[in-house]
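Student: One structure, as structure tokens, below. Some questions next.
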Ligand code: FPP
């Protein structure tokens, strides 16, 4: 059975439910986010072991700035800690780490660390982990169209040359194949502005499990679900 199991080459995840997980334990939301960050470490290790090539996770959306200042600070500090750890251990973890989203709005020290981690990990050979930070699907498309329009204005290309592949090359995810499987935890069934362009033909898997409780069995369930789908891409 396992020999025939098709492993999706790219999995995208909406890691939802940290707050509810903490609440159930009478703990502050930060406690849930910390557990969520630990789960991300586990899931990227399992995915790598299974042979997944790309994992794209939603860590902070363009809408998450509307959360209380304290929670935004917690999430940014978790990211700082996460990057420090991965940088120190870049060889051992073998991950290629890349951030998608509008990084220009992040704190300067975070931008510098992102640049460093992308540079240091770019020749690694393991899982490609893309972290969506200050990311919104519509925002990504708007930024891409702006750059493209700018190139038209500067006569680098003609409006009549514009086609799908070209627009894709302006997206944050350029050179990364589209996700084959999307997982959203915590029972919510919506996209929340995630990878709107890239998810056009992706299989969606929703589970009630809260993100900090997501385990290897859950990941396998998502992969079994994927294996049952008949992907036709609009054909017959
Ligand atoms: C959704 O749960 C989760 C987030 C908004 C943040 C996701 C972040 C992490 C899992 C950890 C940080 C990641 C890195 C890379 C360090 P929620 O807070 O909306 O939960 P709720 O819906 O139960 O309130």
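Student: Suppose the filter is in contact (Cβ under 8 Å) with a residue 60 or more places away in the chain and within 30 Å of residue 32 (Cα to Cα); does residue 204 pass it?
Tutor: When the stated conditions are applied, residue 204 does not pass them.
Student: Looking only at the range 194-215, decide whether some residue is within 30 Å of residue 149 (Cα to Cα) and within 16 Å of the ligand (Cβ to nearest atom).
Tutor: Yes, there is a match, as at least one residue in the range 194-215 is within 30 Å of residue 149 (Cα to Cα) and within 16 Å of the ligand (Cβ to nearest atom).
Student: Would you check which residues across the range 112-133 are more than 23 Å from residue 192 (Cβ to Cβ), within 15 Å of the ligand (Cβ to nearest atom) and part of a helix (DSSP H, G or I) and list them? Quick ask: steps written out before the conclusion?
Tutor: Taking the range 112-133 as the starting set, the residues that turn out to be more than 23 Å from residue 192 (Cβ to Cβ) are 112-113, 115-127.
In the following step, the residues that additionally are within 15 Å of the ligand (Cβ to nearest atom) were identified as 113, 117-118, 121, 127.
Those that are more than 23 Å from residue 192 (Cβ to Cβ), within 15 Å of the ligand (Cβ to nearest atom) and part of a helix (DSSP H, G or I): 113, 117, 118, 121.
Student: Still on this structure: Name the residue that is farthest from the ligand (Cβ to nearest atom), counting only residues in the range 58-72 that are surrounded by fewer than 14 Cβ atoms within 10 Å (Cβ to Cβ) and not in a helix (DSSP H, G or I). So that I can check it myself, show each step before the final result.
Tutor: Taking the range 58-72 first, the residues surrounded by fewer than 14 Cβ atoms within 10 Å (Cβ to Cβ) are 63, 65-66, 68-70.
Right, trim to not in a helix (DSSP H, G or I) and you get 63, 68.
On the way: 63: 9, 68: 11 Å.
By that ranking, first place goes to 68.
Student: Please work out which one of (1) surrounded by fewer than 13 Cβ atoms within 10 Å (Cβ to Cβ); (2) in contact with a helix residue (DSSP H, G or I) (Cβ under 8 Å, 6 or more places away or on another chain) is the condition residue 55 fails and give its number.
Tutor: Only one criterion in (1) surrounded by fewer than 13 Cβ atoms within 10 Å (Cβ to Cβ); (2) in contact with a helix residue (DSSP H, G or I) (Cβ under 8 Å, 6 or more places away or on another chain) is unmet by residue 55, namely (1).
Student: Would you tally the residues in the range 73-111 being in contact with a helix residue (DSSP H, G or I) (Cβ under 7 Å, 6 or more places away or on another chain), under 17 Å from residue 121 (Cα atoms) and part of a helix (DSSP H, G or I)?
Tutor: Number of matching residues: 10.
Student: Separate question: Identify the residue in the range 25-41 that is more than 15 Å from the chain's Cα centre (by Cα) and in contact (Cβ under 8 Å) with a residue 24 or more places away in the chain and, among all such residues, is surrounded by the fewest Cβ atoms within 10 Å (Cβ to Cβ). Reasoning before the result, please.
Tutor: Pass one, the range 25-41, residues more than 15 Å from the chain's Cα centre (by Cα): 25-35, 38.
Of the ones still in play, those that are also in contact (Cβ under 8 Å) with a residue 24 or more places away in the chain are 29-30, 32-35, 38.
Working: 29: 19, 30: 18, 32: 23, 33: 23, 34: 19, 35: 19, 38: 13.
So the residue we want is 38.
Student: Among the residues of the range 170-179, is there at least one that is out of contact with any helix residue (DSSP H, G or I) (no Cβ under 6 Å at 6 or more places or on another chain), within 30 Å of residue 66 (Cα to Cα) and buried (at least 19 other Cβ atoms within 10 Å of the Cβ)?
Tutor: Checked against the condition, which is being out of contact with any helix residue (DSSP H, G or I) (no Cβ under 6 Å at 6 or more places or on another chain), within 30 Å of residue 66 (Cα to Cα) and buried (at least 19 other Cβ atoms within 10 Å of the Cβ), the range 170-179 yields at least one hit.
Student: Name the residue, out of 104, 9, 44, that is farther than 14 Å from residue 211 by Cβ and touching a residue at least 60 places away in the same chain (Cβ under 8 Å).
Tutor: Details: 104 fails: touching a residue at least 60 places away in the same chain (Cβ under 8 Å); 44 fails: farther than 14 Å from residue 211 by Cβ.
The match here is 9.
Student: Considering only helices (runs of 4 or more DSSP H) fully contained in the range 134-236, which possess at least 3 residues that are at pLDDT 95 or above and touching a strand residue (DSSP E or B) at 6+ places or on another chain (Cβ under 6 Å)?
Tutor: Details: elements: 137-153, 164-168, 216-228.
In the range 134-236, 216-228 are the helices (runs of 4 or more DSSP H) which contain 3 or more residues that are at pLDDT 95 or above and touching a strand residue (DSSP E or B) at 6+ places or on another chain (Cβ under 6 Å).
The values are calculated or read from the model by the stated rules, or taken from the named source; none is laboratory data. Everything quoted here is computed from the prediction, not taken from an experiment. All Cβ positions, glycine included, derive from the backbone under ideal geometry; neighbour counts span all protein chains shown.
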